């Protein structure tokens, strides 16, 4: 079947299996090109393991530490002439590479918010990993959550308190315009916290504690983002930012629980702005990232997912001592928020408009990264030839999707 990108707004409804596999293998090659990591991390659980930072975490765990990995995600298989989702193809490529290298890798596809999924993963840890995991990565990115009582919540991207207007860009056309958003209601704020806050992370860790499947000195990490002041109204001070504050409060509570249970710790890793399907949906952010990439690439500071997560493992999780900020967080956004970088971004932000965006930003790089999320625009892939879209994940455990 010939597979082409079909983009609607910030969503691509198709994915290319060969392109996705090539991107996964590029990340594996990057990790293999680095010195082997030193650490006592042998068994890793990644919740939200099929794309972005979660996938990079699984790759670094496996190919940087030779760790056994369990990945949990919610992805779509191919059906008839509909391709699978990119995360499905990513996970297939990862597992094939891991198994070829003699590494244990088991994947669970279904609702990570559910009690059933938590129990299935616990059973797998007991049966396959000698009953213990050393590291739990929480990298779940979902717009919707059904809790254990059957209540359904949907997250929203809105400012809090007052309406918000600022520049944004249509990534495909390059048209710069103003985006205006009305403030969130109290119900919007509460629902976004339920989906994107720390409640489910806490439920996972508490379930693992109760099942006694956390190793001595086990660590759990959840990923977050802060960003520059210019994006605060829509991000850090908006509905998503309030949910991230809840995530950070959850980390403090889990840190105490883990210290008492197994001498472990809970951390927030604040990461750099990257092109993801989620970030593409946030007004203002794609324009900010396009300008940021221009500056960071010029200064030789740019990192993608795999470089960021390699640094997390090498400089923090596998280091003798972690250098955390005043709020006890890992800061992988240090290069993004450097004063010289943000000053340059702010200057271009004032200048950018439709007729100069191609010259003063890296919007072309943004577009390429966006397409590559779905396996397109990958070098050395012939997109004019047919590919098999029905691709298996060797060790998949399937729930109804």
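How long is the chain along each principal axis, judged by its Cα atoms, biggest number first, in Å?
60, 51, 45
Per the Kirkwood definition applied to all pairs of different Cα atoms, how many angstroms is the hydrodynamic radius of the range 221-274?
Values: mean 1/r = 0.0837 Å⁻¹.
Value: 12.0 Å, from the Cα pair sum.
What is the distance in Å between the Cα centroid of the range 183-234 and that of the range 27-46?
25 Å
Given the rule -39500 (n - 2.57) for each run of at least 4 DSSP H residues, summed and divided by the residues of the chain, what is its mean residue ellipticity at 222 nm, to the nearest 500 deg cm²/dmol? Please list the in-between numbers first.
Details: 13 runs with 160 residues, N = 401.
Mean residue ellipticity at 222 nm (helix-derived): -12500 deg cm²/dmol.
Hey, rough spin-label estimate for residue 354 and residue 179, points 7 angstrom out along Cα→Cβ, what's it come to in nanometres?
1.7 nm
For a Förster distance of 41 Å, can you work out the FRET efficiency between the beta-carbons of residue 217 and residue 281, rounded to the nearest 0.05? Please report the intermediate quantities before stating the final value.
Numbers: r = 38 Å, r/R0 = 0.92.
According to the calculation, E is roughly 0.60.
Quick one: length gained pulling residue 190 to residue 154 fully straight, 0.36 nm per residue minus the C-alpha distance?
On the way: separation 36, 0.36 × 36 = 12.96 nm, distance 0.96 nm.
Here the segment from residue 190 to residue 154 would lengthen by 12.0 nm.
Say R0 is 35 Å: what FRET efficiency, to the nearest 0.05, do residue 392 and residue 249 get from their beta-carbon distance? Display every interim value, and only then the final one.
On the way: r = 41 Å, r/R0 = 1.17.
The pair residue 392/residue 249 has a calculated efficiency of 0.30.
Spin-label point model (7 Å from Cα, Cβ direction): what's the residue 321 to residue 81 distance in nm?
That separation, rounded to one decimal, is 6.3 nm.
Compute and list, largest first, the equivalent-ellipsoid semi-axes of the range 1-116 from the alpha carbon gyration tensor, each √(5λ) rounded to a whole angstrom.
Working: eigenvalues 133, 58, 28 Å².
The answer is 26, 17, 12 Å, longest axis first.
Computed FRET efficiency, Cβ-Cβ of residue 29 and residue 162, R0 51 Å: what is it to the nearest 0.05? Walk me through the intermediate numbers first.
Working: r = 48 Å, r/R0 = 0.93.
The calculated FRET efficiency here is 0.60.
Each value in this text was obtained by applying a stated rule to the coordinates, not by laboratory testing. Since we're looking at a predicted model, the values are computed, not measured. All Cβ positions, even for glycine, are placed from backbone atoms using ideal geometry, and neighbour counts span all protein chains on display.
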